[in-house]
Structure formats: structure tokens, C-alpha cells
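Structure record follows, encoded as C-alpha cells.
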Amino acid sequence: MRSLWIAACSAALSLVPGTVALAQAPACRVDVWLADGLETNSDGAVRIDAHNRALRDRDGHPSMLAGMLTPAAQRSALTGMDLPGLLGQAGSLMVLHDGPVDNVAVPAPCGGSLVLQHIVFSHNQLSRMALQGVFVWRPYGSARPFMTLVSTPLPHFTVDADPVSADSALRGALVRNLEQFAGYAVAARR
Amino acid sequence: MIRVLVASIASIVTAASAGAQAPTAPAPAPTPAAACELHVWPAERFNARTTGWGVGFGLIGALADSAGHADGDAQRRTSLSSALDSPGQTAALNSLALADLLKQQPATVVLHDAPLERHTVNDIKSRRATSNSPCYSELIVADVLYQKAAVYGRSLKTLFIYRQFGDAPEAKRVYKSWGGNGLKIFPPKPGEDIQAANDELVSVFKADFEEFARNEVAAQTATH
């Protein structure tokens with residue numbers, strides 16, 4: 001069952017108790033649909049087909065990455081962000097949803113939905129490790145949706161890093177990816 | 001999980017349900033080739049390979065060239081995987097008249113969501129799906145490759161494998177070939193909206209299959 005998780009408007013929520021907060025909730029809403037989890041995209045030193053694998057790679061780094069950037073970890077990373085503000089929707093209520101995307105949900109009169117379609121750990125022997133994201137921003141109303149790929153290098157990320165620092169690095173990269181994406185989405189609207 | 005998608009079956013179901021409400025509706029015509037099955041699997045593997053002028057300078061040049069494009073190719077591979085994920089590939093193929101294009105008997109098209117492990121595709125000669133169909137065939141998308149060469153430009157190449165079993169447990173005929181067509185929009189520039197590029201990938205992927213099917217039919221005709 002889909003869990004609905006109200007994360008942002010933290011300032012408003014911290015000032016007023018729940019029911020009062022709901023009564024005073026802004027009409028505008030930014031719905032964020034979290035990704036299923038972390039996918040991988042790895043590539044060997046010799047760049048031939050045999051070494052290249054697709055998303056949800058069986059030969060990626062399953063043991064190290066298992067359990068990282070789960071929907072719960074994504075929620076935690078996003079809670080401190082002012083995503084509505086970054087997307088030009090300052091003051092909107094941010095609502096975090098577990099996937100899959102519910103296109104039937106009644107949109108708010110203003111705001112939009114942000115879909116974290118893919119979050120991908122990219123590992124290439126010839127380049128840097130990176131966290132990539134394919135995100136979609138669909139403003140409520142008649143504005144066109146915007147989708148693009150963003151990438152944040154993980155220069156200090158190592159395969160044998162301790163899980164806590166690896167997790168922290170991935171969460172940080174997710175936040176930077178979202179900041180980068182929001183910048184592009186706002187620029188595209190101009 | 002597999003999805004069985006057959007236009008004829010869908011029409012039967014639709015007609016049957018309509019028939020329950022309106023008894024005067026005509027009974028659906030039986031499909032004579034319902035026993036035939038065409039199983040379709042999407043690709044597991046995506047690759048993006050960009051080569052510049054460096055490849056003309058020997059091994060060192062090729063390595064430097066490869067390293068220079070590695071970051072971009074990693075992003076292009078993810079873009080490919082996103083636009084042509086397994087449901088995207090099977091949906092694209094299912095929008096085509098597969099049996100017609102392959103000039104085979106009308107068949108129930110069975111779409112498999114999970115790709116086959118790439119290294120097993122050539123090794124395993126028997127039926128990959130549990131089926132006793134007396135008229136069984138398989139269409140496997142083996143590889144999806146984005147290629148950009150300094151001279152030839154950008155293209156999407158797709159390797160398809162078509163295996164016809166008839167009533168046998170092992171393939172009686174295997175046809176394997178690449179389809180390849182040029183790209184004009186993909187890859188998008190950083191920060192650009194990628195929807196148009198994704199649409200182009202899907203459309204070129206379908207064109208790749210159509211090219212493969214034409215070659216398969218030509219090869220079939222040549223052997224008869």
C-alpha cells in the first residue's frame with residue numbers, strides 16, 4: 001500500500017500542530033514520487049560489449065549498494081531540501097510518495113509533480129564513479145513537462161568504503177542532482 | 001511475469017463481454033492460428049560507444065579517445081536504458097505487426113518483461129519459455145548500441161535474434177542480424193529536455209526491427 005508522507009513545509013509543521021497545519025496548508029503542492037531504489041550501470045576497463053551491462057546490473061556492486069538510496073533513504077535525503085523553492089514553487093507543500101507514480105491522483109490547483117524515474121550508480125573504469133538521475137517535472141496546469149538526466153561525480157567513492165560514508169556520499173549526490181535538475185527545469189520554463 | 005497480448009484474443013474478450021450484455025452481438029470468429037506463439041524478450045544490455053579522431057592514432061590514441069568519451073557514454077547508456085527499458089522495448093515491438101513483418105503465421109505474441117541473461121542467449125538452443133505450442137517462435141532483442149563515429153555520425157543499432165522451432169524443442173532455424181538507423185536528436189545536450197530524444201530512440205528502435213524483419217524475410221526467400 002502506498003504510503004503518503006508529508007515531509008516539507010517543515011517550518012509550518014514545526015510551528016503548528018498537525019490538524020491546524022493541515023487547515024492552513026498552502027493550496028499549492030509539489031508531489032514527489034520517489035524512485036524504487038538504486039540501479040547500477042557499470043562498464044569494464046576494456047570497453048567491449050561483454051563488459052557493459054544494463055540498469056539493474058547483476059554484476060554491478062550488489063553487496064555494497066544493497067539497501068542504499070532506498071525510498072526511505074531518499075525521503076530522509078529530501079526532507080532537508082526546499083525542493084518547492086528550487087523548482088520555483090516557493091511556499092508549496094511538498095508531499096513525498098512511494099512509487100509507482102499515480103497518474104490518477106487529483107493534482108493541486110498549482111505546483112506540480114516531480115518523478116524520480118531512475119537513480120543510477122554509474123561505474124566506469126575509464127571515468128569517474130557518478131550518481132545519475134533521470135527526473136521528470138510536470139507542472140500542474142498547462143505548462144509542458146520537463147525531463148532530463150543529471151549526474152554528480154563521486155570522486156572519493158570507493159567500492160570498499162564503509163557503508164555509512166558510502167550512504168552519506170550517495171545521499172549528498174542525490175541532493176546535488178536534484179538541485180541541478182531544478183535549475184535546469186526553472187531555466188527551461190523561461 | 002509475462003503479458004500475453006493478442007489483438008485477436010482481446011477482440012474475443014471484448015466481444016464476449018459485449019455479448020453478455022447484448023445477446024444479439026455476433027459470435028467472435030475463431031482464430032485458426034491461435035496455437036502459434038511468438039515469444040518476445042527485451043535486451044538486457046545497452047552500450048554507448050563514441051569514437052573521435054583519436055582512434056586513428058593507434059592503441060594509445062584509441063585509449064585516450066575512449067577515456068575522453070567515457071563520462072558521456074556512461075550518461076548516454078543510462079539515457080538509452082531509461083528510454084528503452086524492458087517495458088518500453090516490448091511496447092514498441094508490440095505496436096508493430098510482428099508476425100506479418102516476419103512473414104510467419106499469425107501468432108499469439110507473448111511479451112516477457114524480464115530480459116534473458118545475455119550470455120545464455122547463444123548457448124541455450126532450446127525453447128526459452130515453457131510452452132508446448134506446435135508452432136513456436138522467439139524474438140530476442142540481444143543488444144542495443146548507440147554509436148557515434150567521427151565520420152559516420154550517430155546511430156542506434158539493435159541486434160535481434162529470431163528463432164523458429166515449429167513443433168520441435170530446439171530451434172530449426174535461427175536468424176540473427178543488426179538493424180541500424182541514424183539519429184538526429186539523441187543525445188540531448190546537458191540540461192535539455194530529453195523527451196524528444198527518447199521518442200526518437202523508440203522510433204528508431206522500431207525502424208531497426210523493421211529493417212531486421214525485411215532482411216530476415218529476404219534471407220528466408222533466398223533459401224527457398
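Take each residue in A:128-136, count the other chain C-beta atoms within 10 Å of its C-beta, and the mean is 3.
The base-10 log of I(q)/I(0) for segment A:116-190, evaluated at q = 0.13, 0.27 Å⁻¹, reads -0.44, -1.23 [Debye formula, identical scatterers on Cα atoms, solvent excluded]. Taking label positions 7 Å along the Cα-Cβ direction at both residue A:90 and residue B:178, the computed distance is 5.3 nm, reported to one decimal. Distance between the pseudo-spin-label points of residue A:66 and residue B:132 (7 Å out from Cα toward the beta carbon): 3.9 nm.
Once you average over the residues of B:41-48, how many Cβ atoms of partner chains fall within 10 Å of each Cβ? Whole-number average of other-chain Cβ neighbours for B:41-48 is 4. Quick one: check the C-alpha center-to-center distance for segment B:101-127 versus segment B:134-153, whole angstrom. Taking the Cα centre of segment B:134-153 as reference, the centre of segment B:101-127 is 14 Å away.
Inter-chain Cβ neighbour count for B:82-92, averaged per residue, equals 2 (cutoff 10 Å, partner chain atoms only).
Each of the peptides B:189-199, A:175-185, B:74-84 was scored by the mean count of other Cβ atoms within 10 Å over its residues; in descending order, highest first, they stand as B:74-84, A:175-185, B:189-199. Per-residue packing, averaged as other Cβ atoms within 10 Å, sorts the ranges B:202-213, B:128-139 into the order B:202-213, B:128-139, beginning with the highest.
Here each label is just a point 7 Å from Cα along the line to Cβ, and for residue B:210 and residue B:35 those points are 3.4 nm apart. Among B:148-159, A:141-152, A:83-94, A:28-39, sorting by the average number of other beta carbon atoms lying within 10 angstrom of each residue, highest first, gives A:28-39, A:83-94, A:141-152, B:148-159.
Every read-out reported here was derived from the displayed coordinates using simple, explicitly stated rules and does not represent laboratory data. Predicted model, so just to flag it, every value in this text is computed and none were measured. Using ideal geometry, Cβ is built from the backbone for each residue, glycine included, and neighbour counts are taken over all protein chains shown.
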